[in-house]
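Undergrad: One structure coming up, written as structure tokens, with questions to follow.
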Amino acid sequence: MHLPDGFLTPHIWIPAWLASLGGLSYCFRKASLALKDRMIPLMGVMSAFIFAAQMINFPVAGGTSGHLLGGVLAAVLLGPYAAAVVISVVLMVQCFIFQDGGLTALGANILNMSFAGALGGYMSYAFIRRFIKNSKGILIATAIASWLSIVLASLFCAMELACSGLLPLKAALTAMVLVHALIGIGEAVLTCLVVSFVLKVRPDLLYKPEGSGLASNSQSHKL
Amino acid sequence: MEHSYIDEYSRIKSFIHNLEPRIKLISFFALIVSIIFTRPAAMPAFGAYAMLIFLLVFLSKIPLMLVLSRSFSVIPFILIMSIFIIFIKPGEPVWEFSLGIFKLSITNEGLAMFLNIAAKAYLCSLSMLLLMLSTNFLNLLKALEKLRVPSILIMIISFMYRYLFVLEDELMRMKRAKDSRTIAGSRWFHARALANMLGVLFVRAYERAEDVYLAMCARGFDGGIRTIYDYKLRIKDLCFLATAVSAVSIIKIYIG
């Protein structure tokens with residue numbers, strides 16, 4: 001879903017850059033209010049974590065494999081604003097170092113995966129959590145949110161491609177959303193498995209939606 | 001552990017490597033943006049840009065085969081995302097064939113658009129690749145900071161760069177331990193084991209981040225960041241910038 005350079009026309013990628021710059025500065029401000037000067041090391045190491053997590057290939061049916069994307073995983077563990085920062089940083093590094101996604105399309109990629117994906121996914125997570133409060137609710141909300149985050153990101157991507165005049169809107173929407181509805185199932189299963197593990201061993205590390213900042217503020221026991 | 005190191009070719013001594021990082025960044029960004037704004041009809045311009053980029057590769061003394069093999073790895077992604085444009089774009093058909101009920105037709109307009117997009121995407125990723133191969137990553141970050149990118153973002157990225165390989169090593173160690181212990185087992189069992197590994201990695205990464213923060217506090221970290229930038233603008237750099245900009249604008253004005 002990383003859009004390369006040349007796919008989007010300037011009247012799409014320039015506004016996308018502006019929107020993601022504005023959104024990012026807002027998320028930076030919100031995250032640094034909660035994390036204060038712990039923000040730099042925490043966000044840096046967590047970006048490296050998401051990046052490393054995307055490298056592990058999980059076996060899927062028939063010899064194929066897929067990897068985690070981690071938007072909702074980051075949001076459930078770190079909170080929405082910190083997750084948006086982390087995913088954007090990962091996208092920037094992928095764009096610069098691995099030429100995964102283009103420089104002019106970086107704004108659109110951040111908009112799709114960080115804001116529509118991670119933030120949008122987190123909103124649905126928080127919404128579901130309001131109705132189911134126990135730990136089973138966390139897992140159900142995580143599953144739905146991570147499926148939705150992939151579909152939302154692909155929806156944004158399809159709309160950008162269609163607005164650039166590459167594809168008719170209907171074809172782009174059906175093709176992208178159908179493919180990513182399948183990919184989203186994998187993402188939902190994987191995110192649930194990882195979150196349920198963290199819930200078992202260190203439930204204090206999960207982001208608490210109602211509280212301010214991150215759950216644990218002090219150095220706690222080692223595994 | 002084995003890694004494909006990010007900037008193993010950044011220590012070669014060459015004209016391109018020695019350029020002031022800011023100048024290099026600005027020139028390459030100008031090149032990318034000007035490739036993006038090429039008119040669809042101006043196919044020869046892509047040839048001119050490719051020649052310009054390969055001239056830069058030659059000047060940078062980076063092995064040509066390395067640049068080509070790395071740059072070819074992006075082609076499948078470009079193709080997957082753009083190949084269907086050939087069939088969908090309405091226009092004058094060049095070639096038609098039918099598969100049962102489906103009738104596929106390749107159109108002139110679709111083909112032109114596909115070539116245009118694929119060339120842009122490939123050339124841009126090629127320029128980005130050359131920029132990365134010829135610049136030390138930390139110098140690149142310093143140059144970005146000098147160009148007014150917020151320093152908190154730069155700090156986060158440099159922390160990420162620093163711990164990326166540490167975490168990757170940890171993950172590979174866990175994966176090797178798992179692989180040597182689990183031979184049989186269903187797909188679900190393996191998926192669960194891998195997911196638990198990621199969970200362990202998260203907990204360890206979080207604790208590592210707290211350790212790093214405490215160590216920073218112990219050394220007097222107050223939230224502010226001071227970096228040394230020991231590059232100076234030389235006449236050579238300004239000459240390169242002028243040449244690069246004029247080359248790009250000549251292509252732009254005369255070909256498109």
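Undergrad: Placing +1 at every Lys and Arg Cβ and -1 at every Asp and Glu Cβ, with all other atoms neutral, what dipole size does chain B have around its Cα centre, in debye to the nearest 20?
TA: 300
Undergrad: Now, a different point. Provide B:ASP179, B:ASP222, A:ASP100 ordered by accessible surface of protein heavy atoms (probe 1.4 Å), highest first.
TA: Ranked list, largest accessible area first: B:ASP222, B:ASP179, A:ASP100.
Undergrad: Taking N as the number of residues in segment B:80-148, what is its Cα Rg relative to 2.2 N^0.38 Å?
TA: Here the answer is 1.80, to two decimals.
Undergrad: Return one quarter of the surface area of the convex hull spanned by the alpha-carbon atoms of segment B:107-256, equal to its mean projected area, in nm².
TA: It is 16.7 nm².
Undergrad: Helix A:169-201 against the longest principal axis of chain A: what's the angle in degrees, Cα atoms only, rounded to the nearest 10?
TA: 20
Undergrad: Right, something else. Treating the Cα atoms of segment B:150-218 as identical point scatterers in vacuum, please give the log10 of the normalised Debye intensity I(q)/I(0) at q = 0.13, 0.29 Å⁻¹, two decimals.
TA: Log-scaled intensity ratios, in q order: -0.50, -1.28.
Undergrad: Please report the spacing between the Cα centers of segment B:16-36 and segment A:124-162 in Å, no decimals.
TA: Going from one Cα centre to the other spans 40 Å.
Undergrad: Work from the charge dipole of segment B:150-218 (Cβ charges, +1 for Lys and Arg, -1 for Asp and Glu, about the Cα centre) and give the residue of B:ALA184, B:LEU201, B:LEU167 farthest towards its positive end.
TA: B:ALA184
Undergrad: Using a 10 Å cut-off on Cβ to Cβ distances, tally the other chain neighbours for every residue of A:32-43 and report the average as a whole number.
TA: Across A:32-43, the average partner-chain Cβ count within 10 Å equals 6.
Undergrad: Arrange the peptides A:195-206, A:35-46 so that the one whose residues have, on average, the most other Cβ atoms within 10 Å appears first.
TA: A:35-46, A:195-206
Undergrad: How shielded is A:18-31 by partner chains, expressed as the average number of their Cβ atoms within 10 Å of its Cβ atoms?
TA: So the per-residue partner count for this stretch is 1.
Undergrad: Follow-up question, since we're still on this one. Other chains near B:72-78: what is the mean number of their Cβ atoms within 10 Å of each residue's Cβ? Present the calculation step by step, with values, prior to reporting the outcome.
TA: Values: counts 0, 3, 7, 0, 0, 6, 4.
Whole-number average of other-chain Cβ neighbours for B:72-78 is 3.
Undergrad: Find the accessible area per residue for segment A:149-211; the probe is 1.4 Å, ligands and nucleic acids are left out, and the unit is Å².
TA: Here the residues of segment A:149-211 average 42 Å² of exposed surface.
Undergrad: Report, in order of residue number, the helices in chain B meeting two criteria: a C-alpha extent of 27 Å or more along the helix axis, and a mean Kyte-Doolittle hydropathy of at least -0.5; treat each whole DSSP H run as one helix.
TA: Result, helices passing both filters: B:108-133, B:151-181, B:187-218, B:235-254.
Undergrad: Also: Across chain B, what fraction of all alpha-carbon pairs, as a whole percent, falls in each successive 10 Å bin from zero upward?
TA: 6, 20, 24, 22, 18, 8, 1, 0
Undergrad: Okay, next question. May I ask you to list the aspartates and glutamates whose Cα is less than 19 Å away from that of A:LYS133, ignoring any residue fewer than eight positions away on the same chain?
TA: Correct list for A:LYS133: A:ASP204, A:GLU210.
Undergrad: For n ≥ 4 DSSP H runs only, could you compute -39500 (n - 2.57) per run for chain A, divide by its residues and tell me the 222 nm figure to the nearest 500?
TA: For chain A, the value works out to -22000 deg cm²/dmol.
Undergrad: How big is D, in µm² s⁻¹, for chain A by Stokes-Einstein at 10 °C and 1.306 mPa s if Rh is the Kirkwood radius over C-alpha pairs?
TA: Rounded, D is 89 µm²/s.
Undergrad: Highest mean first, how do B:85-93, B:156-164, A:86-94 rank when packing is the count of other Cβ atoms within 10 Å averaged over residues?
TA: Per-residue mean Cβ counts within 10 Å order the peptides as A:86-94, B:156-164, B:85-93.
Undergrad: Moving on to the next point. Give me the percent relative contact order of chain A, please, defined on Cα pairs under 8 angstrom at least 6 residues apart.
TA: Values: 317 pairs, mean separation 54.3, N = 223.
Dividing the mean separation by the residue count of chain A yields 24 percent.
Undergrad: Please get the size of the charge dipole for the protein assembly as shown, origin at its Cα centre, with Cβ charges of +1 on Lys and Arg and -1 on Asp and Glu, quoted in debye to the nearest 20.
TA: Taking the Cα centre of the protein assembly as shown as origin, the dipole is about 780 debye.
Undergrad: Please give the calculated 222 nm ellipticity per residue for chain B, where each DSSP H segment of at least 4 residues contributes -39500 (n - 2.57) and the sum is spread over every residue; nearest 500 deg cm²/dmol?
TA: Rounded to the nearest 500, it is -23000 deg cm²/dmol.
The values are calculated or read from the model by the stated rules, or taken from the named source; none is laboratory data. From a predicted model like this one, the values you see are computed outputs, not experimental measurements. Note that we place each Cβ from the backbone using ideal geometry, even for glycine, and neighbour counts take in every protein chain shown. SASA here: full protein model, heavy atoms, side chains in, ligands and nucleic acids out. Shrake-Rupley method; radii C 1.70, N 1.55, O 1.52, S 1.80 Å.
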